[in-house]
Each structure stands twice: as structure tokens, then as C-alpha cells.
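J.: The structure's right below; bear with me while I get my questions together.
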Amino acid sequence: MEWVLDWRSPWLTALMKLWTDLGSEAFFLAALPLGYWLDSRRRWVRIGLTFMLAGVLNAALKDAFQAPRPMLEPLIQEGGYSFPSGHAMMSAAFWGAIAVGYRRAWVTALAAVLVAGIMFSRVYLGVHWPRDVLVGAALGLALVGLGAWFVTAGGAARLRAQGKLVAWLPAGLVVLGAAFLPDPEQHGLKSASAMAGLWAGVLWLDGRDVPPVRTGRAAIGAMLGATLVGFAVLIGIWAGGKTLLVALDAINTGTAILRYGLVGLWAAALAPWVFDRIGLSARGLESTDAVD
């Protein structure tokens, strides 16, 4: 790892700090809903579930290994354990799922560059060992492969065919497992709760007449309106909710599950329903967004 320290320079440090933010919670909270609202719901549900499952697994592995972070002149402050890297694992899951979802050479190339840059930034900034980012990225990509196999095998459709209760089980089990994690503010519990909210929203939308947002050059106003309304409420739940809970001294596992579950539910179901009610949806056009 010491050889990376020799590369440090003011301009590269500034770049790496920006690049590592592409693997931050705030970035994913913006990217996932935006893709879901303005692109194919089906595609972005798959991306979101893969990403959130990576967050839960990463938190469980970190708690199991409890590996300390390197102490070699870190350039940013990071808490928690080091192995495997959450930034690398969740970024690989996110961008890998995007590459699989779009199946275009330039998207795959862009995803590879972004993930490689995030991996390097974590080592460069002194908050991870090389093994942390390599194993994290490998695990993230393994989840992408598992998710692709699950879809190809028709797993989601089979679950839904068994009825709502059975379809709820995967998200419920994930949240139950994450509730045993020791820190209610760690990303495993957050990911699990948002995953449950997302899946609840997907099940609620299934079979209902809630068209997607109008998109394209002729629908810039609708896209902008959906973005502004959607993020105004989402930020209110995420940031405003945390501020309120801190003021009430009510940060705990239960409130963390509730807050991130509401984030997922708003993004997946309530926001599209609101967009439709205020005239931003493509009503009258055939929707192909059912989750299969």
C-alpha cells in the first residue's frame, strides 16, 4: 500500500475525494430513485435490490471480520471496520447491475472505469487496504451474477405467483437479519430497510394503473417536475427525519428501519402515484414496467 502514498499530490487528492463520493450514500440515494422514476422501473428495481443486498451482506461481513482500517496517513475520516470495502462492494453491485441491465458496450466500459476509480480512491485516501477493495468488488460482482441468474430463472415471477405473503418473505428476512446488527446507523440496516420499503412499493404497484413519468424531449417539464417533487419529499424523509429523531433523542434500530423503509416506499410507489395524480405520467401509453 505504501507505493500508493508516493502518488499523492494536491490535484490527485482533490480528484480522489470527488471520485470516492461516487460510492457514498448520498450519491446512491439520488441515483437509484432518479433512474427508477425516469427510466424503466423493472430495470431499476433489479439494480436497487442488488445494490441494497450488497449493503446488507457487506455490513454482516464487516461485523464478522472486524478488521481495523489502515493507519497510514488517511486523508479522510472513516469509521467502522475495513474488510471488505463497502464503497467497492456496493459500487460494483450498483454499476455492475447497470451494465447487465443496459447491455451496451459503452455502459459496461463506463461502469468498469467508475468502479476501478472508486477502488483506487479508497486505497489512495488511506482508508482501505488493497485486499479490502479487491474482495469487496468481487463480492459485489458476484451478487450481480446471482441476480442475473435469478431473473433468468424467473425467480421473481415464481415468488409473485405464490401470493403476496410469499413475495414479502425475502425482504422481511433481510430486515430481520439486519436488525441484529449492532449499530442502527450502519449501512446494512439502512439498506435492508430501504430494500423492504422498495419491495413493498413494487408489490403495491403491481397490477395498478400507475403509468411511468413522461420522458423525452417533449416532456422536459414533466421530468423536471417529477425530479423536484420526488427529491423534495425524499430529502425530507432522509435528512429531515434524521434531524427530528436526533432532536428527540430517538435514533435507534426501530426508527432507522422506519425512516429508510419510508425512503424505499416513497421512491418505489408513493412518488409514482403522486406523479400520476399531478399530471406528470405517461397516462394513455402502454406501460411495460411490471417486475418479472
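Just so you know, all these numbers are worked out from the coordinates, no wet-lab data involved. Since the structure is predicted, the reported quantities are computational estimates derived from the model, not experimental observations. Neighbour counts run over all protein chains shown; Cβ positions are idealised from the backbone, glycine included.
J.: What relative contact order, as a whole-number percentage, does region 2-277 give when Cα pairs under 8 Å and 6 or more residues apart are counted?
T.: Relative contact order comes out at 22 percent.
J.: Next question, about the same structure. Test of the criteria: in region 202-233, which trypsin sites (Lys or Arg not before Pro) are in a DSSP loop and have at most 13 other Cβ atoms within 10 angstrom of their Cβ?
T.: Answer by residue number: Arg208.
J.: Quick check: Cα centre of region 1-51 to Cα centre of region 73-150, how many Å?
T.: Computed from Cα coordinates, the inter-centre distance equals 9 Å.
J.: To the nearest 0.05, how large is the calculated FRET efficiency for Ala64 and Arg208 if R₀ is 25 Å and r is the Cβ-Cβ distance?
T.: Numbers: r = 41 Å, r/R0 = 1.62.
It comes out at approximately 0.05.
J.: Let me ask something additional. Going by amide H atoms built from the backbone, whose H comes under 5 Å of the H on Val213, apart from near neighbours?
T.: Amide H neighbours of Val213, under 5 Å, 5+ apart: Ala282.
J.: Now for a separate question. How far, in nm, would the chain grow between Thr13 and Gln77 when pulled straight, counting 0.36 nm per residue and subtracting the alpha carbon separation?
T.: 21.6 nm
J.: Under 1.5 on a/c is rounded, so check that first for region 228-269, then, if it is not, pick prolate when a/b is larger than b/c and oblate when it is not; a ≥ b ≥ c are the square roots of the alpha carbon gyration tensor eigenvalues.
T.: Details: a/c = 4.71, a/b = 1.56, b/c = 3.02.
Taking the square roots of the gyration eigenvalues as a ≥ b ≥ c, region 228-269 is oblate.
J.: Now a separate question. Could you give each residue of region 214-223 its phi-based ³J(HN,Hα) in whole Hz, using Karplus coefficients 6.51, -1.76, 1.60 with θ = phi - 60°, and x for Gly or Pro?
T.: Each residue of region 214-223 in turn: 5, 10, x, 4, 7, 10, 4, x, 5, 5 Hz.
J.: How much length would be gained if the chain were fully extended between Ala218 and Thr255, taking 0.36 nm per residue of separation minus their Cα-Cα distance, in nm to one decimal? If you can, show how the numbers build up before the last one.
T.: Details: separation 37, 0.36 × 37 = 13.32 nm, distance 4.15 nm.
Taking 0.36 nm per residue and subtracting the Cα distance, the gain is 9.2 nm.
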